[in-house]
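As structure tokens, the structure follows; a few thoughts come after it.
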Amino acid sequence: MIGRFFRKFYLHIVIWTILLFLPFITYLYQPDKIADFKPYSALSHLANIIFLASNFYLLCYYVAPKYFFGRQKTFKLLIFLGFIAYVALNYAIVYFNPNGELTHFTKENILFVRLVIGPGIIYSLCMITSSMIFLYDEQARQKELNKQIALEKTKAELTILKLQISPHFLFNTLNNIRWLIRKQSPDSESTIIKLSEILRYILYEVDGPQVELFKEIEHMRNFIVLQTLRLPIAGNVNLKIENDLKNRMIPPLLFIHFVENAFKYGVDSKTAPEITFEFVEITGGIAFTSRNRILVYNEPRASEGIGLTNVRRRLQLLYPNRHNLSIQSTDDGYFKVILKLTTDED
């Protein structure tokens, strides 16, 4: 990648050097014209090259990345202002020319061609080339980003599969179901159904890049129900869904890591747990909140740190500049996670 950068860098240097010395190539074939060399013409040509190069890279690496997608009016306005500035530069070059070029062009009635048509063609070619380079680089960046998203999604799915379809999880859940059946509890059948729905969702629903938000919430609801069967002391475990919450497409298994951690650290054998999960509508997207009282003060294991790192990485890839993740421990002994996602397109 570094080698490609330097090859690109040298190529640009060569191209601008050729453009800089292009007007002086004729001196190689007609040396007698060197006596007619005018320093002011050389300086004006240098000023043109510096202006075009500055606008070229400004457009390619700042204006286009910031305004090309979504703010086309601003993008076109900035290009137009650049063109006006280039016309003004050429007018200043002609106006201050000690050889009286302004008078000459006025007499020949080609002042408009010299100051507008010619610079317009040159400036347009420069901006079109810059935009094409930006689009090519953006396409390459998007391809690389899609590869990373696919890789991170696969890693995340494997991590979640290990967490939820592990022998430990199945053993505890099946033991709880057996206990319900022995008690002839009316909840035993519904519990089996919820376990089957969890397995079906993970095995068949998360193959695509996105799932419906309500399906993800239903998966979380089933998971929470099975986790509450294991509570040694009854407590408050709530999943709140705002009435105005809209269904939308989101990446699968994006919130379950926080649910898992809430039960891991918010449940012990002495205190009634207080765990709350909530989805609310915000401008342009959703906000997810997980809140639990910290009852288990274990040092985080390496795998848990990796899990959170993977979540952060997925968010950076899937929602660049469109998410806000806040994780904090409050002074009154609660652990709180707030994840805000901008999911709606402009």
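Points worth noting:
- Search result, residues across region 265-278 that are part of a strand (DSSP E or B) and surrounded by fewer than 20 Cβ atoms within 10 Å (Cβ to Cβ): 274, 276, 278
Per-residue answers, yes or no, for (1) aliphatic (A, V, I, L, M); (2) over 26 Å from residue 293 (Cβ atoms); (3) touching a residue at least 40 places away in the same chain (Cβ under 8 Å):
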residue: 185; (1), (2), (3): no, yes, no
residue: 194; (1), (2), (3): no, no, no
residue: 202; (1), (2), (3): yes, yes, yes
residue: 207; (1), (2), (3): no, yes, no
residue: 249; (1), (2), (3): yes, yes, yes
residue: 255; (1), (2), (3): no, no, yes
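- Residue in region 126-134 that is surrounded by fewer than 14 Cβ atoms within 10 Å (Cβ to Cβ) and at pLDDT 80 or above present: yes
- Residues that are part of a loop (DSSP other than H, G, I, E, B) and surrounded by 12 or more Cβ atoms within 10 Å (Cβ to Cβ) were ranked within region 187-212; the one that is modelled with the highest pLDDT is 210.
- So residue 229, is it more than 26 Å from residue 324 (Cβ to Cβ) and buried (at least 16 other Cβ atoms within 10 Å of the Cβ): yes
- Residue selection: residue 217 satisfies the criterion of being among the β-branched types (Val, Ile, Thr) and not in a loop (DSSP other than H, G, I, E, B).
- Tabulated pairs, region 115-126, first farther than 15 Å from residue 76 by Cα and outside the structural domain of residue 92 (by TED's automatic domain parsing), second of a type outside the set (A, V, I, L, M) and in a helix (DSSP H, G or I), C-beta under 7 angstrom, 6+ apart or interchain: none
- Flag if residue 115 is modelled with pLDDT of 65 or more, within 27 Å of residue 309 (Cα to Cα) and more than 18 Å from the chain's Cα centre (by Cα): no
The values are calculated or read from the model by the stated rules, or taken from the named source; none is laboratory data. In this text the structure is predicted, and so the values were computed from the model without any measurement. Reconstructed Cβ throughout: ideal geometry from the backbone, glycine too, with neighbour counts over all protein chains shown.
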